[in-house]
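Here the structure is laid out as structure tokens; the discussion comes afterwards.
The values are calculated or read from the model by the stated rules, or taken from the named source; none is laboratory data. No experiment lies behind these values; they were computed from the predicted model shown. Note: ideal-geometry Cβ built from the backbone for every residue, glycine included; neighbour counts use all protein chains shown. Quick note on the areas: whole protein, heavy atoms, side chains included, nothing else; ligands and nucleic acids left out. Shrake-Rupley method; radii C 1.70, N 1.55, O 1.52, S 1.80 Å.
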Amino acid sequence: MKREINLSLGPRKDNTLAKRITLYSSIIFSIVVCITLGILSYRLFLSNQLSNLTGDEEVLQAQLNSIKEQRDKFVVVKERLGEAKRILGRRLNITGKFDNVEALIPSQASLETFNGTEEEVELRVESENLGSLSQLINEKIAELANDKKQGVQKIEMKSFLLNPITKKYTVVFSVTYK
Amino acid sequence: MEKELRAVYKKYKQQLLPITLLFASFFIIFRVALPQWSEISEVQRQIDKKEQTVEDLQNSLSLLQSTPVAIIDRNFEVATTALPPQKDVALMFTMLNSAANKANVELQGFNLRVGDIFDTENEVKGERSIDGIPYLNVTIQAEGDNENLKAFAENLYQSLPLVELTKVSIDRGLGSYDVNFFFKPFESIPANFINKIQSLTPEETTLLQQLEGWMPSGI
């Protein structure tokens, strides 16, 4: 009796694709691990660098603290020079106004009284010579009024009188600035 | 149960390894690599800032070590005479006397209100200031020639402490002056100023020399 014996092991399974997938995934995994190790190494390097810089900073701070007094004085000087510059730049210039109006006074007259603030100046001028006062009123004061650099807003003559005892003429006028 | 698991394993064992490797790759990327990468930029930023701080400290230290102590002390004296740290009546009086002597006028008197000397609430009330700089207002009387009285006013502007004249009255040999004496209390210095000390600019050096020329005699 003949029996058919099938010695075939079955169709040969093709596992090339599976091997390829395994290979590729291994490669990907290796690349990822390498890159990650690289990142971690760099991170460690930077942490070390930061730590060294922190140490340097502490050493320098300690050295600066050992000369704290000089350091603080230096800072105070810089700070106060800045404030001094601000003050000098904005100080009111009342004596400058004094000089400007004094320059108007004719030689035969004298400035007897000066009252000045930032906004207004009041002068009292005396002279025996009426002509010089007339020149002051008609010419000099007009020059002052026309000089835009002076910033004059108003000039007012408050009084003009003759002292019967001293025989001197007195004129009082005020200059108001913008 | 075990037999079933063995059967599943045998069936899928060829796919198991790549799946595990891919899963591990994703895990490493998202849980390790990317967080570390974002931290790197933060650490780099800290390093840059730290390097700048170290450089500033080195420059500050070398500046201080190269400047003689005597010069620092003298500059400090000039700066704190120009703007005293408190209302220094003695210094003001020294300055007024010096300016009066130079102008050849005689001081008749001065009137000032120092303000609170003690306060249980530990704060100064109503301290006047201009642009944030406190001042003490003083009224001064002087006697002399009109021209000298004017010169006295000019001398005040070339003296220390720094002042500002708000009113000048000169009337036949008698002068009256409204003067603000500036002062500036010491304040705590911010850390960024302490770490980054810079040398005086040429402008500041010129100003310092100018102020030194205005120092009251005897100081």
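Placing unit charges on the Cβ atoms of the charged side chains and taking the dipole of the protein assembly as shown about its Cα centre, the candidate lying farthest along the positive direction among B:PRO85, A:SER174, B:VAL163 is B:PRO85.
For chain B, what is the calculated [θ] at 222 nm in deg cm²/dmol (nearest 500), taking -39500 (n - 2.57) for each run of four or more DSSP H residues and dividing by its residue count? Show your work: numbers first, answer last.
Working: 7 runs with 117 residues, N = 219.
Per the formula, -18000 deg cm²/dmol.
Three principal axis extents describe the C-alpha atoms of region B:157-219; from largest down they are 56, 23, 23 Å.
Return the average number of partner chain Cβ atoms within 10 angstrom of each residue Cβ along peptide B:18-25. Before the final figure, lay out each step's value.
On the way: counts 11, 3, 2, 10, 7, 2, 5, 9.
That works out to 6 on average.
Nothing charged except the Cβ atoms of Lys and Arg (+1) and of Asp and Glu (-1): what's the magnitude of the dipole of chain B about its Cα centre? Round to the nearest 20 debye. List each step's numbers first, then the result.
Values: 20 positive and 29 negative charges, 404 e Å.
Charge dipole, chain B, about its Cα centre: 1940 debye, nearest 20.
Placing +1 on the Cβ of every Lys and Arg and -1 on the Cβ of every Asp and Glu, with nothing else charged, gives the protein assembly as shown a dipole about its Cα centre of roughly 3860 debye. Rounded to whole Å, the principal axis extents of the Cα atoms in region B:123-204 read 57, 38, 15, largest first.
Nearest 100 Å² is fine: what is the total accessible surface buried where chains B and A meet, probe 1.4 Å? In total, this chain pair buries about 6700 Å². Under a model in which nothing but the beta-carbon of Lys, Arg (+1) and Asp, Glu (-1) is charged, region B:1-76 shows a dipole of about 880 debye around its Cα centre.
In chain B, which whole DSSP H runs stretch at least 18 Å along their own axis (Cα) and average -0.5 or higher on the Kyte-Doolittle scale? Could the numbers behind the result be given before it?
Details: long enough: B:2-28 (33 Å, 0.16); B:34-66 (48 Å, -0.87); B:69-82 (20 Å, 0.66); B:89-103 (21 Å, 0.88).
Helices meeting the span and hydropathy rule in chain B are B:2-28, B:69-82, B:89-103.
Which is the longest part of chain B that has none of the chymotrypsin sites (Phe, Trp or Tyr not before Pro) sitting in a DSSP loop with at most 13 other Cβ atoms within 10 Å? Don't skip to the answer; put the middle values down first.
Details: sites that count: B:PHE118, B:PHE186.
Answer - B:1-117.
Annotation for region A:146-165 versus region B:1-47: alpha-carbon center distance of 96 Å. Compactness ratio for region B:1-67: Cα radius of gyration over 2.2 N^0.38 Å (N = residue count) comes to 2.51.
Considering only A:LEU111, A:GLY38, A:LEU17, and ranking their Cα positions along the charge dipole of chain A that arises from unit charges at the beta-carbon of Lys, Arg, Asp and Glu, the one farthest toward the positive end is A:LEU17. Projecting the Cα atoms of B:GLN141, B:PHE23, B:ALA103 onto the charge dipole of chain B, computed from C-beta unit charges around the Cα centre, puts B:PHE23 farthest toward the positive end. Shielding by partners for peptide A:162-168, expressed as the average number of C-beta atoms from other protein chains within 10 Å of each residue's C-beta, is 0.
In chain B, one over the average inverse separation of all distinct C-alpha pairs is 23.7 Å, which is the Kirkwood hydrodynamic radius.
Could you work out the longest stretch of chain A that avoids the GluC sites (Glu not before Pro) located in DSSP loops with at most 15 other Cβ atoms within 10 Å? List each step's numbers first, then the result.
Numbers: sites that count: A:GLU4, A:GLU118, A:GLU119, A:GLU128.
Answer - A:5-117.
With a cut-off of 12 Å between beta carbons, the residues surrounding B:THR206 carry a summed charge of -2, where Lys and Arg count +1 and Asp and Glu -1.
Between rounded, prolate and oblate, where does region B:39-91 land on the alpha carbon gyration tensor, with a ≥ b ≥ c its root eigenvalues, rounded for a/c under 1.5, else prolate if a/b exceeds b/c? Oblate.
Among the DSSP helices (H) of chain A, those spanning at least 24 angstrom by Cα along their long axis with an average Kyte-Doolittle hydropathy of 0.0 or more are A:16-66; this is a geometric and hydropathy rule only. The mean of 1/r over all distinct Cα pairs in the protein assembly as shown, once inverted, gives the Kirkwood hydrodynamic radius of 29.2 Å.
Projected over every direction and averaged, the convex hull enclosing the alpha-carbon atoms of region A:25-83 yields 6.4 nm².
Largest first, the extents of the alpha carbon coordinates of chain A on the three principal axes equal 174, 48, 19 Å. The simple spin-label model puts a point 7 Å past each Cα toward its Cβ; for A:LEU44 and B:LEU63 those points are separated by 4.1 nm.
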